[in-house]
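I have placed the structure first, in the form of structure tokens, so that the comments after it can refer back to it.
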Amino acid sequence: MTDLSTRSLDDLTLDEAARPKAPPVPEATDRHRRQGRQLAAIHRHYLMEMAQIGAVLARIEARDSPPDDLRQIVLSLDMAENFRVFGTLCGRECQVLKFHHDIETTDMFPRIEAAGGGMFREVVAKLLSEHEVVHELIVRLGHAADALADNPDEANFAQAAATYRKLEEVVRSHFGYEETELEEAIGYYLGSV
């Protein structure tokens, strides 16, 4: 695992230009692609969780909600558990999302790599490195939310808002890449997620 804790917020990027393309799976049918799109449905749940933070930030900007609301949502954010394996975050355990993450790292990715004869090795390695960036941003958002709850001043709010917006940007990009590049492989090699 790479230590990203010293990088600036602006430097926490996914290097989208360096993303390898997954090879096509010529035998994949429309049914396989539909099965592979199940991952996108799971990701939509995580994006809904993120939207809750965005809504709270907007309410704080409008002075409609106390900063404690942001801390409460971050602490109970389901998506945080998806990255728990990278380290302890400020959230409580969420078995469903931990299970999702475990499937990706210990089952789904290795099975796709093996079934594809290693054709997906570069894509999987890139996805795992992107998980590290997402994890670092989740950790930072937790810290920013704590600071905001302890001292609800403009500087702390600006840091929480900037961190959230960066996290949302990174997660949306990561999810899109993962869903696009693994759609055929998930359906063809795994049958579903």
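Only a single criterion out of (1) under 17 Å from the mean Cα position of the chain (by Cα); (2) over 27 Å from A58 (Cα atoms); (3) open to solvent by 60 Å² or more (accessible area, probe 1.4 Å) is not satisfied by R172, namely (2).
Can you tell me which residue within region 1-28, out of those that are open to solvent by 60 Å² or more (accessible area, probe 1.4 Å) and touching a Phe, Trp or Tyr at 6+ places or on another chain (Cβ under 8 Å), is nearest to A115 (Cα to Cα)? So, considering only residues that are open to solvent by 60 Å² or more (accessible area, probe 1.4 Å) and touching a Phe, Trp or Tyr at 6+ places or on another chain (Cβ under 8 Å), the one nearest to A115 (Cα to Cα) is E27. Any residue at all in region 114-131 that is surrounded by fewer than 17 Cβ atoms within 10 Å (Cβ to Cβ) and at pLDDT below 85? Scanning region 114-131 turns up no residue that is surrounded by fewer than 17 Cβ atoms within 10 Å (Cβ to Cβ) and at pLDDT below 85. Selection over region 133-151 of residues that are among the charged types (D, E, K, R) and surrounded by fewer than 16 Cβ atoms within 10 Å (Cβ to Cβ) gives a count of 1. For region 2-57, the set of residues classified as out of contact with any helix residue (DSSP H, G or I) (no Cβ under 6 Å at 6 or more places or on another chain), within 26 Å of I138 (Cβ to Cβ) and acidic (D, E) consists of D3, D10, D11, D15, E16, listed by residue number. Here K21 clears all of (1) more than 18 Å from the chain's Cα centre (by Cα); (2) in a loop (DSSP other than H, G, I, E, B); (3) modelled with pLDDT under 75 except the condition numbered (3). For the condition crowded, with 21+ Cβ neighbours inside 10 Å, in contact (Cβ under 8 Å) with a residue 24 or more places away in the chain, in contact with a Leu (Cβ under 7 Å, 6 or more places away or on another chain) and among the aliphatic types (A, V, I, L, M), A185 does not qualify. On the given criteria, is E178 part of a helix (DSSP H, G or I), open to solvent by less than 40 Å² (accessible area, probe 1.4 Å) and not hydrophobic (A, V, I, L, M, F, W, C)? Considered against the rule, which asks whether it is part of a helix (DSSP H, G or I), open to solvent by less than 40 Å² (accessible area, probe 1.4 Å) and not hydrophobic (A, V, I, L, M, F, W, C), E178 comes out as yes.
The values are calculated or read from the model by the stated rules, or taken from the named source; none is laboratory data. These numbers come from a predicted model, not from an experiment. Heads up, the Cβs are rebuilt from the backbone with ideal geometry, glycines too, and the neighbour counts pull from every protein chain shown. Side chains included, ligands, DNA and RNA excluded: accessible areas come from the protein's heavy atoms. Shrake-Rupley method; radii C 1.70, N 1.55, O 1.52, S 1.80 Å.
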